[in-house]
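In what follows, a single structure is set out as structure tokens and then discussed.
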Amino acid sequence: MSFLNGKTALVTGSTSGIGLGVATELAAAGVRIAVHSLPGDAQAEAAVAAMKEAGAPDAKFFGADVSNPDAIRAMIEEVEAWGPIDILVNNAGIQHTAGITDMPDAKWDAIIAINLSSCFHTMKAVLPLMESRGYGRIVNIASVHGLVASVEKVPYVAAKHGLVGMSKVVALEYASKGDPAKGAITVNCIAPGFTETPLIESQIQAAAGRAGGDRDAGIAELLKEKQPSLRMTQTSELGALAVFLCGMAAQNLTGTTIPVDGGWTAQ
Ligand code: NAD
């Protein structure tokens, strides 16, 4: 039996993209998965089935709009009633690209609420529960944009830099809490570079437009500009890193932000 077998993870935004990839790798490690997205997400049923197929002992969908703190708190209570939240992966996120003067105020508010404030509310709710049980893992899906900037991403870069900073504070506050024999409590960020998911589709389409309408040429353009490996990060690779962070071998690995970005932030 692996260390993670039978533990429970809440992965926010796990019906699509990176969240789905991370949840699938955790499921394959024997973790029960609380699949989460917006209420009524048409991909929810398929995601729950995919978790069971991957090896999760159990999986269930929990819908909540994470821009609403009350909805977050109610969802955490529901998940806890289903199984103790041993692992929290804060992944749900949105993007909108525009220069600062063209950025709608509503987009600023939504990106800060969903990509940053939601992580404050989920962590605040689960950490006392994790502390009482001795083990806890928080994996925050930040971004290279938590470490460096790009134009036309004011709210996104602000939110992701905020998430990196917030994660360091929480890691320090919980560094000596929990039970080392059970794995203690750690808080880390994963900082993906370009990963092909619906979130970056509009950026791919814009680059494809500049490259004569060819989608592959658009992807190549995006990568050439930022990601020296010239390869997209795969969601399963981010999942494999999350599985490592949740394991016993990572019990003293806390407060870090790990880029998986083909060299983007090494430049
Ligand atoms: P995605 O669009 O494929 O998935 C986003 C998920 O979040 C979906 O399940 C969606 O329903 C959910 N979600 C969005 N708003 C929500 C809300 N208000 N309430 C509840 N659920 C909500 O996007 P993705 O690329 O997989 O992004 C996942 C995370 O990875 C995000 O935090 C994003 O910033 C980060 N990220 C993505 C990339 C990339 O290149 N794709 C790079 C770096 C970081």
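Each reported figure results from applying straightforward, stated rules to the coordinates on display, with no laboratory input. Predicted model, so just to flag it, every value in this text is computed and none were measured. When we count neighbours, we look across all protein chains shown, and the Cβ atoms used for this are built from the backbone with ideal geometry, even at glycine.
Okay, here's what the table says:
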| quantity | calculated |
| --- | --- |
| Residue-averaged 222 nm ellipticity for the chain, from DSSP H runs of 4+ at -39500 (n - 2.57), nearest 500 | -13500 deg cm²/dmol |
| Hits among lysines - C-alpha to C-alpha of K7 under 24 Å, sequence gap 8 or more where chains match | K52, K60, K124, K177, K182 |
| Positive-end residue, segment 2-117 charge dipole about Cα centroid, Cβ charges, pick of G30, S117, A47 | G30 |
| Local electrostatic count, M103, Cβ distance below 14 Å [Lys/Arg +1, Asp/Glu -1] | -2 |
| 19 Å Cα-Cα reach of K153 towards aspartates and glutamates, excluding residues that sit fewer than 8 places from it in its own chain | D102, D105, D109, E196, E201, E221, E225, D261 |
| Amide H within-cut-off set for F62, under 5 Å, with H built and near neighbours excluded | V35, H36, S37 |
| Integer Hz, Karplus 6.51/-1.76/1.60 couplings in order for segment 55-64, x for Gly and Pro | x, 5, x, 7, 7, 8, 8, 10, x, 6 |
| Phi to ³J(HN,Hα) by Karplus 6.51 cos²θ - 1.76 cosθ + 1.60 over segment 8-17, Hz, x for Gly, Pro | 10, 10, 9, 10, 6, x, 9, 8, 8, x |
| Summed side-chain charge close to G13 - residues other than G13 whose Cβ falls under 14 Å, Lys, Arg +1, Asp, Glu -1 | -2 |
| Relative contact order (percent, whole number), segment 148-267, Cα cutoff 8 Å, 6+ residue spacing | 32 percent |
| Stokes-Einstein D for the chain, Kirkwood Rh over Cα pairs, 25 °C, 0.890 mPa s (µm²/s) | 132 µm²/s |
| Length-normalised contact order for the chain - Cα pairs under 8 Å, 6+ apart - percent | 19 percent |
| Under 5 Å, built H, 5+ apart or other chain: amide partners of V31 | G6 |
| Residue-by-residue Karplus 3J(HN,Hα) for segment 134-142, coefficients 6.51, -1.76, 1.60, Hz, glycine and proline x | x, 10, x, 10, 10, 10, 9, 7, 8 |
| Amide H contacts of N140 (H built 1.01 Å from N, under 5 Å, at least 5 apart or other chain) | N90, N188, C189, I190 |
| Cβ-derived FRET efficiency at R0 30 Å, K177 paired with D70, nearest 0.05 | 0.65 |
| Residue-span extension gain [M248 to A98] - 0.36 nm each, minus C-alpha spacing | 49.8 nm |
| Residue-count net charge about G255 - beta-carbon cut-off 15 Å; Lys, Arg +1, Asp, Glu -1 | +2 |
| Gained length - D58 relative to K124, 0.36 nm times residue gap less alpha-carbon distance | 21.2 nm |
